[in-house]
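Bear in mind these aren't lab numbers, they're just calculated from the coordinates by the rules spelled out. These numbers come from a predicted model, not from an experiment. For neighbour counting, all protein chains shown are included, and Cβ atoms are generated from backbone atoms with ideal geometry for every residue, glycine included.
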Amino acid sequence: MDRLRTLIMGAAGRDFHNFNVVYRDDVRYEVVGFTAAQIPNIAGRRYPRELAGPLYPEGIPIFDEGELASIRDIVEMSRRTAATRGSTSARQVQGSDDS
């Protein structure tokens with residue numbers, strides 16, 4: 001089974017919460033990264049492997065959201081997911097066929 005490659009677009013911590021609740025242990029998804037727009041100095045770091053769980057032994061990279069076009073080329077994602085304030089779950093914003 002091919003895992004659905006997913007980029008989670010951040011909302012100051014909601015992105016990490018959504019990852020932990022929805023994606024962390026779900027073998028159907030491979031979260032290829034998070035984007036950072038609201039938390040200063042976090043781009044270029046990794047979500048720690050200890051928090052990411054056994055499916056992510058290297059942790060998960062955090063990209064600068066301002067570089068979204070180049071991120072897409074790097075990670076070849078299947079979908080992007082927005083983590084919005086007040087949401088209780090992740091929301092798909094664009095699929096792979098929207099290229």
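Here the peptides 47-59, 14-26 are ranked by packing, the mean other Cβ count within 10 Å, and the order with the highest first is 14-26, 47-59. At full extension, Arg46 and Val21 could sit 7.2 nm farther apart than now, given 0.36 nm per residue minus the alpha carbon distance.
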